[in-house]
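Enquirer: One structure, pasted below without further comment.
The values are calculated or read from the model by the stated rules, or taken from the named source; none is laboratory data. Predicted model only: the values in this text are computed from it and were never measured. Cβ sites come from the backbone with ideal geometry, for glycine too, and all protein chains shown count toward neighbours.
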């Protein structure tokens, strides 16, 4: 039976339909049912009153070397931007509904609306879709026809409760589909556009952490002129590092965080004393020290602190 592809529609499954959705997925998808955990949307494609296909989109993979290389980001930016990616974790065309171009049509309709749906359900914009195709079973024809980009293969590790298995499983093709023309650029740029920016993860710095930080920066050469050095470089770098770890981004935010430190905190960071008062460096001093400091040396110092 031929069908009119213009009569195919895609919509999120309602709460009352979820039991039927799960039953069909468990019965017909080779990976079985997938629990609805966290950010997850289930879609139903219909033709008239009939269900013809089911799709599931969920949180992106935490690690995927092929995807990460294609994006061009590093681990410092990656974890704050993973929420801008959704994973097409299931795609099932139901039995008796395998028709030419139907899969491509369903996928295209889903791509058009998922950005708005994701924002409405989770108050979270999306930039990119990803999916993994089992190389032993499929070639990713539907995704290739839908202008998804194959960026490589996984290493075959299976995800388990404790992390990832050491034994290799079946490698999978990794496909991505940008929802915005500049998705790759936005995800990889040093400072992402404000609309897509997530709240920076914040941590509490303990007394021991604050007191230890300056020590790790003492071996970094100070390229400032000797005249006018009011604050030791290792102390300034420690303050900037702590502010960044607490979610501050940019010189103004770092300077404000440092300025708000109490007397005890200033003492723990080893801030200089002037007339019995602990003085913190100004925003301009913070900027000057950070611009001059060797970024590789900074990275190594923080790595040693973190390891210890």
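Enquirer: Considering every residue within the range 141-155, establish whether at least one is modelled with pLDDT under 80 and either more than 21 Å from residue 77 (Cα to Cα) or under 20 Å from the mean Cα position of the chain (by Cα) (or both). Break it down stepwise before answering.
Expert: Going residue by residue through the range 141-155, those that are modelled with pLDDT under 80 are 155.
From the residues that got through so far, the ones that are either more than 21 Å from residue 77 (Cα to Cα) or under 20 Å from the mean Cα position of the chain (by Cα) (or both) too are 155.
Yes, the range 141-155 has at least one match.
Enquirer: Can you tell me which residue within the range 67-100, out of those that are part of a loop (DSSP other than H, G, I, E, B) and touching a strand residue (DSSP E or B) at 6+ places or on another chain (Cβ under 8 Å), is farthest from residue 26 (Cα to Cα)? Quick ask: steps written out before the conclusion?
Expert: Here is the first cut: in the range 67-100, the residues part of a loop (DSSP other than H, G, I, E, B) are 72-74, 94-100.
With the extra rule that they be touching a strand residue (DSSP E or B) at 6+ places or on another chain (Cβ under 8 Å), the set shrinks to 94, 97.
Working: 94: 12, 97: 17 Å.
Across the range 67-100, the extreme among qualifying residues is 97.
Enquirer: Within the group 93, 71, 114, which residue is closer than 22 Å to residue 189 by Cβ and touching a residue at least 12 places away in the same chain (Cβ under 8 Å)?
Expert: On the way: 93 fails: closer than 22 Å to residue 189 by Cβ; 114 fails: closer than 22 Å to residue 189 by Cβ.
On inspection, the qualifying residue turns out to be 71.
Enquirer: I've got another one for you. Give the number of residues within the range 1-30 that are assigned to a loop (DSSP other than H, G, I, E, B) and surrounded by 12 or more Cβ atoms within 10 Å (Cβ to Cβ). Full working, then the answer.
Expert: Pass one, the range 1-30, residues assigned to a loop (DSSP other than H, G, I, E, B): 1-4, 13-14, 29-30.
Then keep just the ones that are surrounded by 12 or more Cβ atoms within 10 Å (Cβ to Cβ); that gives 3, 13, 29.
So the count comes out to 3.
Enquirer: Among 254, 220, which is touching a helix residue (DSSP H, G or I) at 6+ places or on another chain (Cβ under 7 Å) and under 30 Å from residue 183 (Cβ atoms)?
Expert: On the way: 220 fails: under 30 Å from residue 183 (Cβ atoms).
Only one candidate qualifies: 254.
Enquirer: Right, residue 287: modelled with pLDDT of 85 or more, assigned to a helix (DSSP H, G or I) and not assigned by TED's automatic domain parsing to the domain that holds residue 84 or not?
Expert: Values: modelled with pLDDT of 85 or more: yes; assigned to a helix (DSSP H, G or I): yes; not assigned by TED's automatic domain parsing to the domain that holds residue 84: yes.
Judged against the criteria, residue 287 is a match.
Enquirer: Could you tell me whether the range 78-89 includes any residue that is over 13 Å from the mean Cα position of the chain (by Cα) and either in contact (Cβ under 8 Å) with a residue 24 or more places away in the chain or farther than 18 Å from residue 178 by Cα (or both)?
Expert: So the first thing to find is which residues in the range 78-89 are over 13 Å from the mean Cα position of the chain (by Cα), and the list is 88-89.
In the following step, the residues that additionally are either in contact (Cβ under 8 Å) with a residue 24 or more places away in the chain or farther than 18 Å from residue 178 by Cα (or both) were identified as 88-89.
There is at least one residue in the range 78-89 that is over 13 Å from the mean Cα position of the chain (by Cα) and either in contact (Cβ under 8 Å) with a residue 24 or more places away in the chain or farther than 18 Å from residue 178 by Cα (or both).
Enquirer: Oh, and also: Would you point out the residue of the range 46-68, among those that are without any contact (Cβ under 8 Å) to a residue 40 or more places away in the chain and touching a helix residue (DSSP H, G or I) at 6+ places or on another chain (Cβ under 8 Å), that is nearest to residue 183 (Cα to Cα)?
Expert: Step one: filter the range 46-68 for residues without any contact (Cβ under 8 Å) to a residue 40 or more places away in the chain, giving 46, 49, 56, 58-59, 62, 68.
Filter again for touching a helix residue (DSSP H, G or I) at 6+ places or on another chain (Cβ under 8 Å), leaving 56, 59, 62, 68.
Details: 56: 21, 59: 17, 62: 18, 68: 13 Å.
It comes out as 68.
Enquirer: Sort out for me the strands (runs of 3 or more DSSP E) sitting completely within the range 157-260 that have 1 or more residues that are at pLDDT 85 or above and more than 18 Å from the chain's Cα centre (by Cα). Show your work before the answer.
Expert: Values: elements: 157-160, 163-168, 172-178.
Qualifying strands (runs of 3 or more DSSP E): 172-178.
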